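Q: Structure incoming, see below.
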Amino acid sequence: MPGILPILGANARQAVDSLARARLRTALGLVGIMIGISSVIAMVSLGEIAKEQARRQFEALGTDVLLVRTVAASAAPQGISLADAIGLVEAVPAVAEAAPRILGHGEFRHAGRKVGQGRVQGVTAAFASINRMSLQAGRFVSLLDADRHFCVVGATVADAMRQGGSGRIVGETLEIGDILFTVVGVLDPRPESYALPVQVEADESVFVPIGAAGRIADNPAIELAVARSSAGVDYRAAVADIRSWFRRRAPDLQLDIITAKELIAQMEAQMQTFALLLGSVGSISLVVGGIGIMNIMLVSVAERRREIAIRRALGARRRDIQSQFLIESVILTLAGGLLGILLGLAATWAICRFTGWEFLISGMSVASGLGTAAAAGLFFGFQPARQAARLDPIAGLQAE
Amino acid sequence: MTAPRGALRLIDVRKSYRVGPVTTEVLRGVDLEIGAGDLVSIMGPSGSGKTTLMNIVGLLDRPSTGRHVLDGRDVSGLGDDALSRLRNAHVGFVFQAFHLLPRLTAAENVCVPLVYRGTGRREALGRARAILERVGMGERVAHRPDQLSGGQKQRVAIARALVGMPALLLADEPTGALDTDTADETMGLLLELNAEQGVTVLIITHDPVVARRCTRRMRIEGGQLHEEDPRPPGSAGSTAPRRA
């Protein structure tokens, strides 16, 4: 259809001009739309970020990690026995690896100087492989170390030791509490992953053989066992097998088994709550803003009755007038939408900082923000535009 | 598309409005025949149906009954869109209050009819400048209406009415808001354009001086139209009351 573009172009110029004139009114209308769109942006962005977070989770550790914990009020005060935890791999084919842990806490001293304070984790070699920890020097502790006083230091602890002037850390002596340990390995720095079933805090920790941990930890019970299910095994089957193994070995034990899949599902549920909240805030402010836009447009139509009549006399059809006012309201909401996108991204960034998720700008969220803004412009601009198109040109020409 | 020529006929046109239970008949059987290139004035007191007649001739309004034939085509039954298109192609309006769009420059104002025809902005501006040149406003294409005098505004409005090459120029009290000298110049311009471009000109006026310069003079009274004698007008024109 020839000639639509010039009309649209002229309409758009006209719209920008008339909006620029009514600055205060325009600004008020924009605020509502801006808040509405920013909620939409934050909602979609956070959803995308959570998905991305889950994907990275999967890549980093896989979703085959299970966390086996004793319930605090368990009738068996001794908790999981070391033998049972280690025997799990042999006895339950669904479990590929198992890593029990005894968790203690202590201050670390080296050459008479404090080099850190943090977790003392009594573990086996499986703990390093399940949690994908790697070494920059030496070796990790293993069951073969039995109760010998060997330790592996985390990256932050190692840095503190280096500042004390020791070049080679492996072979040095580290005081944990009052007990002397020989360093056998140094870990690479390892960023903490918050969505994991296990909080490792490797950088600030010292790892000792599980057999030696009993002397340091206040509560030498095996606090948890992390297990990795065998490839191709459904995690639900693995959970059932683990439960039946412990039921046979320690009938009094009450176990709590958490899977990475469940955690991801939990995170997604949390995200959905977030999304629902943002979604309702967003839709309410969109409606409020939209009514504001509608009001602005109705006033604008009333103020420009004569202009409309003149345009009609010069040959504008009803649909030309209608599109002029629709374009005006869409430009208005798109401007609000652009501001809303900035605000929404800023809010998303703040939430990411707060939760420790990695911030990213998703094209999806920007597109949905602009789409929503344009749709709001069309929706709330429709009635005023229709009213403008239906004005009687004869009356408009005579009005003073 | 054949070029419009500007011949129009009204055959027994009646127009009545209903306000509540009261029906008022504003036009009571108007017959009018205007040939292409005619220069016609219509005079009449307030409330005589002048404006209604002009709205019908200008395709802004439709007769209640009767026929409106434009260049041989009956347009009385056309819908709103068709009337808009026809208005755009066929009719140029000049109003007493100029009715320029205040935010647009002279050239942009003149472009408006072309925009609704789908002419590109560049071409439309070119044509607008040319016609503004023709009406003696070539120096003021970029001025806004509030920077122009009354006479200048009316020249821009005439340029706007003519830019789309309409067959019919419809002027409602074109000199009503102008002082005598400016009114005289404006009338001169309309006469020139009528002679030069062959556009049919229909002027509705209170002013016998204006009416006297037209080749055909009509009076409307009580919703009925009469053509006056082609003799120089005397008493008929001078009795017309001047609108406040």
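The values are calculated or read from the model by the stated rules, or taken from the named source; none is laboratory data. This structure is a prediction, so every number in the text was calculated from the model and none was measured. Every residue, glycine among them, receives a Cβ derived from its backbone with ideal geometry; neighbour counts consider all protein chains shown. Note: areas computed on protein heavy atoms with side chains; ligands, DNA, RNA excluded. Shrake-Rupley method; radii C 1.70, N 1.55, O 1.52, S 1.80 Å.
Q: Along the charge dipole of the stretch A:221-313, which of A:Gln254, A:Ile264, A:Gly292 sits closest to the positive end, that is, farthest toward it, with unit charges on the beta carbon of Lys, Arg, Asp and Glu (+1, +1, -1, -1)?
A: A:Gly292
Q: Could you state the angle between the C-alpha long axis of helix A:363-389 and the longest principal axis of the C-alpha atoms of chain A, as a value from 0 to 90 degrees rounded to the nearest 10?
A: 20
Q: What's the percent breakdown of Cα-Cα distances in the stretch A:224-329 across 10 Å bins, shortest bin first?
A: Calculated P(r), rounded to whole percents: 11, 21, 14, 11, 10, 10, 10, 9, 4, 0.
Q: Taking the DSSP beta bridges in the stretch A:101-218 as the whole, what percent of them are antiparallel, to the nearest 5?
A: Taking every DSSP beta bridge with both residues in the stretch A:101-218, the antiparallel ones total about 70 percent.
Q: Rounded to a whole number of µm²/s, how large is the Stokes-Einstein D of the protein assembly as shown at 4 °C and 1.567 mPa s, given Rh as the Kirkwood radius over C-alpha pairs? Walk me through the numbers before you get to the answer.
A: Details: Rh = 31.9 Å.
Stokes-Einstein gives a translational diffusion coefficient of 41 µm²/s.
Q: Can you list the residues, at least 5 places off or on another chain, whose amide H is less than 5 Å from the amide H of B:Gln96, using H built in the peptide plane?
A: The answer is B:Asp172.
Q: So what is the calculated 222 nm ellipticity per residue for the protein assembly as shown, using -39500 (n - 2.57) for each DSSP H run with n of 4 or more, over all residues, to the nearest 500 deg cm²/dmol?
A: -15500 deg cm²/dmol
Q: Which FRET efficiency value, to the nearest 0.05, do you get for A:Phe379 and A:Asp256 by plugging their Cβ-Cβ distance into 1/(1 + (r/R0)^6) with R0 = 60 Å? Write out the running numbers ahead of the final one.
A: Values: r = 50 Å, r/R0 = 0.83.
The calculated FRET efficiency here is 0.75.
Q: At a Cα cut-off below 21 Å, give the lysines reachable from B:Lys50, other chains included and same-chain residues fewer than 8 away excluded.
A: Straight-distance partners of B:Lys50: B:Lys15.
Q: Another question, then. Just how far, in whole angstrom, is the stretch A:145-187 from the stretch B:201-219 if you go by their alpha carbon centroids?
A: Result: 111 Å between the Cα centres.
Q: Stretched out fully, how many nm does the piece from A:Met364 to A:Glu107 gain, at 0.36 nm a residue minus the Cα gap?
A: 87.7 nm
Q: So, with +1 on the Cβ of K and R and -1 on the Cβ of D and E, and no other charges, what is the size of the charge dipole of chain B about its Cα centre, to the nearest 20 debye? Could you put the intermediate results ahead of the total?
A: Values: 32 positive and 28 negative charges, 112 e Å.
In debye, rounded to 20, chain B gives about 540.
Q: Rounded to two decimals, what is the ratio between the C-alpha radius of gyration of the stretch A:74-253 and 2.2 N^0.38 Å?
A: That ratio works out to 1.06.
Q: Let me ask something additional. Normalised by the residues of the stretch B:1-56, what does the relative contact order come to in percent, with Cα pairs under 8 Å and at least six apart? Write out the running numbers ahead of the final one.
A: Working: 66 pairs, mean separation 18.3, N = 56.
Over the stretch B:1-56, the number comes to 33 percent.
Q: For the protein assembly as shown, with only Lys/Arg (+1) and Asp/Glu (-1) charged at the beta-carbon, what is the dipole magnitude about the Cα centre, in debye rounded to 20?
A: Values: 70 positive and 63 negative charges, 358 e Å.
That gives a dipole near 1720 debye.
Q: Pick out which of A:Pro100, A:Pro251, A:Pro209 has the largest mean-square fluctuation in a Gaussian network model of chain A, springs linking Cα atoms closer than 10 Å.
A: A:Pro251
Q: Ignoring ligands, DNA and RNA, what percent of the 1.4 Å accessible area of the stretch A:87-226 is carbon and sulfur?
A: 50
Q: Ok, one more. Just report the Cα centroid separation between the stretch A:284-360 and the stretch B:1-75, whole Å.
A: Cα centres, the stretch A:284-360 to the stretch B:1-75: 42 Å.
Q: For A:Ala27 paired with A:Val287, estimate the spin-label separation in nm (one decimal), with each label point 7 Å from Cα along the Cα-to-Cβ line.
A: Taking the simple label geometry, A:Ala27 and A:Val287 are separated by 2.8 nm.
Q: From the P(r) of the stretch A:327-400, could you give the percentage of C-alpha pairs in the tail past 18 Å?
A: 57
Q: So what is the accessible area of the stretch A:74-253 per residue, in Å², with the probe set to 1.4 Å?
A: 44
Q: Compute for chains A and B the buried accessible surface, both sides summed, probe 1.4 Å, and express it in Å² to the nearest 100.
A: Answer for the A-B pair: about 2400 Å² buried.
Q: Calculate how large, on average over all directions, the projected area of the Cα convex hull of the stretch B:31-104 is; give the answer in nm² to one decimal.
A: Averaged projected area of the stretch B:31-104's Cα convex hull equals 6.6 nm².
Q: Have a look at A:Thr348, A:Thr156, A:Ser329 and report the one farthest towards the positive end of the charge dipole of chain A, computed about the Cα centre with Cβ charges (Lys/Arg +1, Asp/Glu -1).
A: A:Ser329
Q: Need the list of lysines near A:Lys261 for cross-linking: C-alpha distance under 18 angstrom, and skip anything on the same chain fewer than eight residues off.
A: Once the sequence-local lysines are set aside, what remains near A:Lys261 is A:Lys51.
Q: Between the helical axis of A:235-249 and the dominant principal axis of chain A, each derived from Cα atoms, what acute angle in degrees is found, rounded to the nearest 10?
A: So the inclination is approximately 30 degrees.
Q: Another question, then. Which one, B:Gly126, A:Tyr235, A:Gly106, projects farthest toward the positive side of the charge dipole computed for the protein assembly as shown from Cβ point charges (K/R +1, D/E -1)?
A: B:Gly126
Q: Lys and Arg at +1, Asp and Glu at -1: add these up for the other residues within a Cβ distance under 15 Å of B:Glu133 and post the number.
A: Taking every other residue near B:Glu133 into account, the sum is +3.
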